[in-house]
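Single-structure report; data block below.
The values are calculated or read from the model by the stated rules, or taken from the named source; none is laboratory data. What you see is a predicted model, and the numbers here were worked out from it, not measured in a lab. Because the Cβ atoms are built from the backbone with ideal geometry, glycine has one as well, and the counts that use them run over all protein chains shown. Note: areas computed on protein heavy atoms with side chains; ligands, DNA, RNA excluded. Shrake-Rupley method; radii C 1.70, N 1.55, O 1.52, S 1.80 Å.
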Amino acid sequence: MTHLECALCAQHFEAGQIHNLCPCGGPLLVRYDLPRIRSEWTRDQLATAPNSMWRYAPVLPAPADSIVSLGEGMTPLIRTPRLAERLRAGPLWVKDEGLNPTGSFKARGLSCAVSMAVELGIRELAIPSAGNAASAMAAYAAAAGLTSHIFMPRDVPQSNYVECKAFGANVTLVDGLISDCAKLVAAGCQEHGWFDVSTLKEPYRIEGKKTMGYELAEQLYWQLPDAIFYPTGGGVGIIGMWKAFAEMEALGWIGSRRPKMIAVQAAGCQPVVRAFEQGAARSTFWDNAHTVAAGLRVPKPLGDFLILDAVRASGGTAIAVSDDELLDAGLQLASKEGMFVAPEGAACIAALEKLLASGFLTPRDRVVIYNTGSGLKYLEAYSARFPR
Ligand SMILES: Cc1ncc(COP(=O)(O)O)c(C=O)c1O
Ligand SMILES: [Zn+2]
């Protein structure tokens, strides 16, 4: 790591210091000496690297002795031919992030953020969360012996609440959405000196999440797919993968071709889809956000301009699906392929169906869907279909 750079005004900040946002309000992105890394690190060296996301350590910020790992990353990329046939899709894979510690891709970001907290001597962490980020932070904080303060909506899935309590976190249930939780975290950080680990206000979660892009390239033998479907709440998965692709090109690992990045949202909370359709650079607050896909209930993502940039630059699109459509799609995947996925991941399957029907994608396209979490974390949502 050489420095951090503001994604809005390009101001530089020193590595090795504690940072949140740039004074201009922009999120900070980590920069590396990629030419030097390129001369010292080749793809072939991955053969003997750890079987976790830390196999990409040269492009991650934490030094080896600060790493807090529970085995996150290197999730399977599963070919789903029976589902593809049903949807009349071409080659289709699901990257199953539900197999991460705490059952979601949030483990990647929080492993990296908590590792950097250890590195920088931070002791108390606070996070507003739609649910899964809270579980992951509570787990990694426990593993590192740090204190965590969790603020999440009162109607968060029961799994997230019980996990956070089990990990020994201080949990506050809030009558409101993640945006209301964020205000309480900001106030608590002011008052008690906690460190704010909010999406993109903390610079290192995105570095963990970007490893989803490195892994996909490695698992597809460095040939990226034609389209990537990603369930978009805060959008850090998309922003992180987009960053990873640029870094891999600078390392000489991939060429300049990029997959179409497809941001999938829920009909009851689709600020990114609305901004995309209006041709706007930023989103506006989505009122009365509601969906069973709890991770997609983000009414105004902080990094909206970065999501929209990536989607547009890739020739992708943004699309919303209803709760009924996403639950149907999740059950279709479960019954066709034996994978029980989070409603957020299921939303991507419903979205694929729509984009095949509209002709935006064809059976010639190689498609990867990110299932960001395990269906087991969402028993309330799926139980609506299977009352006992
Ligand atoms: C299962 C799941 N999928 C997707 C998301 C959205 O993630 P991102 O912030 O990367 O858009 C979340 C966020 O809470 C989540 O828990
Ligand atoms: Zn700035």
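Taking the stated definitions as given, is Ser374 in contact with a Pro (Cβ under 9 Å, 6 or more places away or on another chain) and either hydroxyl-bearing (Ser, Thr, Tyr) or surrounded by fewer than 18 Cβ atoms within 10 Å (Cβ to Cβ) (or both)? Considered against the rule, which asks whether it is in contact with a Pro (Cβ under 9 Å, 6 or more places away or on another chain) and either hydroxyl-bearing (Ser, Thr, Tyr) or surrounded by fewer than 18 Cβ atoms within 10 Å (Cβ to Cβ) (or both), Ser374 comes out as no.
Residue by residue, here is whether (1) among the aliphatic types (A, V, I, L, M); (2) touching a residue at least 24 places away in the same chain (Cβ under 8 Å) holds:
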site	(1), (2)
Leu146	yes, yes
Val156	yes, yes
Lys165	no, no
Ser179	no, yes
His192	no, yes
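In segment 1-43, the qualifying residues are those that are within 16 Å of ligand 2 (Cβ to nearest atom) and out of contact with any strand residue (DSSP E or B) (no Cβ under 8 Å at 6 or more places or on another chain), and the one that is nearest to Ser66 (Cα to Cα) is Gln17.
Across segment 132-145, the number of residues qualifying as more than 23 Å from Glu97 (Cα to Cα) and either open to solvent by less than 20 Å² (accessible area, probe 1.4 Å) or within 16 Å of ligand 2 (Cβ to nearest atom) (or both) comes to 0. Counting only strands (runs of 3 or more DSSP E) wholly contained in segment 1-40, no element carries 2 or more residues that are acidic (Asp, Glu) and either under 23 Å from the mean Cα position of the chain (by Cα) or farther than 15 Å from Glu247 by Cα (or both). Every condition in (1) open to solvent by 80 Å² or more (accessible area, probe 1.4 Å); (2) closer than 22 Å to Pro101 by Cα; (3) among the polar types (S, T, N, Q) holds for Ser39 except the one numbered (2). Does at least one position in segment 244-252 carry a residue that is under 27 Å from His290 (Cα atoms) and either within 16 Å of ligand 2 (Cβ to nearest atom) or crowded, with 17+ Cβ neighbours inside 10 Å (or both)? Looking for residues that are under 27 Å from His290 (Cα atoms) and either within 16 Å of ligand 2 (Cβ to nearest atom) or crowded, with 17+ Cβ neighbours inside 10 Å (or both), one finds none in segment 244-252, hence no. Pull out all pairs, ordered by first then second residue, where Cβ-Cβ is under 6 Å, the residues are six or more apart or on different chains, the first lies in segment 17-31 and is among the charged types (D, E, K, R), and the second is open to solvent by 20 Å² or more (accessible area, probe 1.4 Å) and more than 16 Å from ligand 1 (Cβ to nearest atom). Qualifying pairs under 6 Å: Arg31/Thr2; Arg31/His3; Arg31/Glu5.
On the given criteria, is Ala126 away from ligand 2 (no atom under 16 Å from the Cβ) and either within 13 Å of the chain's Cα centre (by Cα) or open to solvent by 40 Å² or more (accessible area, probe 1.4 Å) (or both)? So Ala126 does not fit the description; no.
Table: residues versus (1) touching a helix residue (DSSP H, G or I) at 6+ places or on another chain (Cβ under 9 Å); (2) of a type in the set (Asp, Glu); (3) in contact (Cβ under 8 Å) with a residue 24 or more places away in the chain; (4) surrounded by 23 or more Cβ atoms within 10 Å (Cβ to Cβ).
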residue	(1), (2), (3), (4)
Gly73	yes, no, yes, yes
Ile78	yes, no, yes, no
Glu97	yes, yes, yes, yes
Phe105	yes, no, yes, yes
Val114	yes, no, yes, yes
Ile122	yes, no, yes, no
